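Asks: I have a structure here, written as structure tokens, and I will follow up with some questions on it.
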Amino acid sequence: MKLISGSSNPDLAAAIADVLDVPLTSVEIERFRDQEIFVRINENVRGEDIFLIQPTSAPANDHLMELLILIDALVRASAERITAVVPYYGYARQDRKTGGRTPISAKLVANLISKAGADRVLTIDLHAGQIQGFFDIPTDNLFGQPVFVQDIKDNYSRKERDNLLFVSPDTGGVVRTRSIAKQFNADIAIVDKRRPKAGEAEVMNIIGEVEGRDCILYDDIIDSGGTLCNAANALMEHGAGSVTAYITHGVLSDPAVERITKSVIKEVVTTDTIAQPDKVKDCPKIREVSVAKLLGEAIRRIANDESVSKLFG
Ligand code: R5P
């Protein structure tokens, strides 16, 4: 097995390499003056089982293009099998036509990755599970949930856990929220969110009893923070005791950090699927837990042809 990192999240790649005790293969990633990307794999990869780690987070187009070019270089260098490890799959939210004459970009990106020459895809918490079907190559969609379950167990006493209420910030996340709530035998509530236009979230109603409960908002993505902060406000207005959030992918576009800082939310816990700038790292309300162990174990299992679903019980 060989591990290769693109430039999107070198810290996560290094942490995965540590977990697997496999060094990262040396690659050069450069730019021509006109910003075209050039890559060179500095080691022989002929006949190797390659795991190429590159979340397609912002700048999404650059990171995606770099992923495609790295795959092309690996194909032409006669790698035996290439797994695109894309912990955060950008463009996933464009997974259906939202109106006339609009694209399904999540499908286009899947086509690009397959056509470039990837043999498999490994990702975490796809925005919608059915995006797996956009690929005609095997796709393992890991759940970030066990990492969060462990963190909650580490940070809440048994008594505190009895007062937890898991909240889906929109109707699309209900299945995900029900699943984590089940781990704690806890109840769920649902925020009825509307988007008057892209990038704006509005809370319409809250379904469920939130009075006095310590609410955990659970979602796959925090982008501008609108969905989360609006949901948190509504929960507090309905008498919640406190609001914390667990969110897999910290996209955190502006003004998310400012919104979180000023919000009623106690803490936002995200994972390291996306590399964060100092502004996020320095925000006292944002904490990161690592998915390196989870990804490392999944990679080990794929390399050894072992079950990946067994990772989730
Ligand atoms: C939407 O369906 C997703 O699960 C997130 O709730 C959404 O992408 C978050 O976006 P924002 O933080 O900009 O409201």
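The values are calculated or read from the model by the stated rules, or taken from the named source; none is laboratory data. Computed from a predicted structure; not experimentally measured. Here Cβ is always computed from backbone atoms with ideal geometry, including for glycine, and neighbour counts include all displayed protein chains. We work out accessible area using only protein heavy atoms, side chains counted, and drop any ligands, DNA or RNA first. Shrake-Rupley method; radii C 1.70, N 1.55, O 1.52, S 1.80 Å.
Asks: Please identify the pairs in which a residue from the range 217-234 that is closer than 20 Å to Asp272 by Cβ has its Cβ atom under 6 Å from the Cβ atom of a residue that is more than 8 Å from the ligand (Cβ to nearest atom) and part of a helix (DSSP H, G or I), counting only partners at least 6 apart or on another chain.
Replies: Leu217/Ala231; Tyr218/Thr177; Tyr218/Ile180; Gly225/Arg259; Gly225/Ile260
Asks: Let me confirm something: among Val251, Val269, which residue is near the ligand (Cβ under 8 Å from one of its atoms), under 25 Å from Ala92 (Cβ atoms) and in contact (Cβ under 8 Å) with a residue 60 or more places away in the chain?
Replies: Val251
Asks: Next up: Here is a list: Asp18, Asp62, Asp49. Which entry is of a type in the set (D, E, K, R), within 19 Å of the chain's Cα centre (by Cα) and in the same structural domain as Ala116 (by TED's automatic domain parsing)?
Replies: Residue meeting the stated conditions: Asp62.
Asks: Moving on. Scanning the range 77-98 for residues that are open to solvent by less than 50 Å² (accessible area, probe 1.4 Å) and of a type in the set (S, T, N, Q), which turns out nearest to the ligand (Cβ to nearest atom)?
Replies: Among those that are open to solvent by less than 50 Å² (accessible area, probe 1.4 Å) and of a type in the set (S, T, N, Q), it is Thr83.
Asks: Among the residues of the range 161-192, how many are within 16 Å of Arg93 (Cα to Cα) and in contact with a helix residue (DSSP H, G or I) (Cβ under 6 Å, 6 or more places away or on another chain)?
Replies: 1
Asks: Search the range 99-129 for residues being touching a residue at least 60 places away in the same chain (Cβ under 8 Å) and open to solvent by 40 Å² or more (accessible area, probe 1.4 Å), and hand back the single one that is nearest to Glu297 (Cα to Cα).
Replies: Applying the filter and picking the extreme gives Arg120.
Asks: What is the one condition in (1) within 13 Å of the ligand (Cβ to nearest atom); (2) at pLDDT below 95; (3) aliphatic (A, V, I, L, M) that Met204 does not satisfy?
Replies: Among (1) within 13 Å of the ligand (Cβ to nearest atom); (2) at pLDDT below 95; (3) aliphatic (A, V, I, L, M), Met204 violates only (1).
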